[in-house]
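These notes are about the structure you will find just below.
The values are calculated or read from the model by the stated rules, or taken from the named source; none is laboratory data. Computed from a prediction, not measured in an experiment: that's the story for all the values here. Here Cβ is always computed from backbone atoms with ideal geometry, including for glycine, and neighbour counts include all displayed protein chains.
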Amino acid sequence: MNARELVYSTLQGKPVARPVCGPLAVHYCAHQAGVSMRDYTLNANCLAESVLAYYERFKPDAVWVSSDTWVTAEAMGGGVRFADAGSPLGGDGVPVVRSRADLERIPPPDPTTQGRQPLMLDALAQVKRAIGDEAFIVACLDQAPFSLACAVAGVQEVMLASITNPEFWKRCSALAPTMAWPMERQWRRMARTC
């Protein structure tokens, strides 16, 4: 049983010969490869090469292809910026959703064209081609319903809306699955073709 099969069996609750190991070493990959957070976050080749160097050095059972937790929000029009040279991209603090009308202006999800999602697909394809089925590859959807709602509408606004405007809160929270399914479909296509 190779590392990928071991992780898959573990996720299915089947007995395995040993515990699996797949540290969430996202930014450590950049550090140990000697690349800047800017390059790791904005360059698919740097991201993939960093993940692959980490894999070759440590041989974990699983690797994570992720740059930061703002890829999805950025694809929806959210502003991102580097707080400093050593940090990954983060939100710029300006909500893109302030009203129901703003929700309607968010374009339909297309991971092949929006924000850095194409970059993430490229990096994932490179990692998949290099590792194949030797290890389990985790492609990160970087935000869950509540955190994505907070990223695009603001933390305070979402917290207040959960009490004062439940319909707006529910619509904001529904953004994550709406954005996730097209990306997940791209990953599945990639898994079959790489």
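Quick notes on this structure:
- Yes/no for I131 being β-branched (V, I, T), under 30 Å from Y54 (Cα atoms) and at pLDDT 90 or above: yes
- Failed criterion for S87 (all others in (1) closer than 30 Å to A3 by Cβ; (2) outside any helix (DSSP H, G or I) hold): (1)
- Residue selected from the range 56-92 under the condition among the β-branched types (V, I, T) and within 20 Å of A153 (Cα to Cα), by the criterion surrounded by the fewest Cβ atoms within 10 Å (Cβ to Cβ): V80
- Some residue of the range 12-34 being touching a Phe, Trp or Tyr at 6+ places or on another chain (Cβ under 6 Å) and exposed (fewer than 13 other Cβ atoms within 10 Å of the Cβ): yes
- Helices (runs of 4 or more DSSP H) contained entirely in the range 143-184, each with at least 3 residues that are free of Cβ contacts under 8 Å to residues at least 24 places away in the same chain: 155-164, 166-173
- Scanning the range 53-81 for residues that are over 17 Å from the mean Cα position of the chain (by Cα) and touching a residue at least 40 places away in the same chain (Cβ under 8 Å), we see that the one that is farthest from L141 (Cα to Cα) is K59.
- Members of the range 2-18 found to be of a type in the set (A, V, I, L, M, F, W, C) and either touching a Lys or Arg at 6+ places or on another chain (Cβ under 7 Å) or in a helix (DSSP H, G or I) (or both), listed by number: A3, L6, V7, L11
- Of all residues in the range 104-118, exactly one satisfies the criterion of being in a helix (DSSP H, G or I) and crowded, with 18+ Cβ neighbours inside 10 Å, namely Q117.
- Among (1) assigned to a helix (DSSP H, G or I); (2) more than 24 Å from A176 (Cα to Cα), the one test that V35 misses: (1)
- Breaking point among (1) in contact (Cβ under 8 Å) with a residue 40 or more places away in the chain; (2) under 24 Å from P145 (Cα atoms); (3) under 21 Å from the mean Cα position of the chain (by Cα), for R98: (3)
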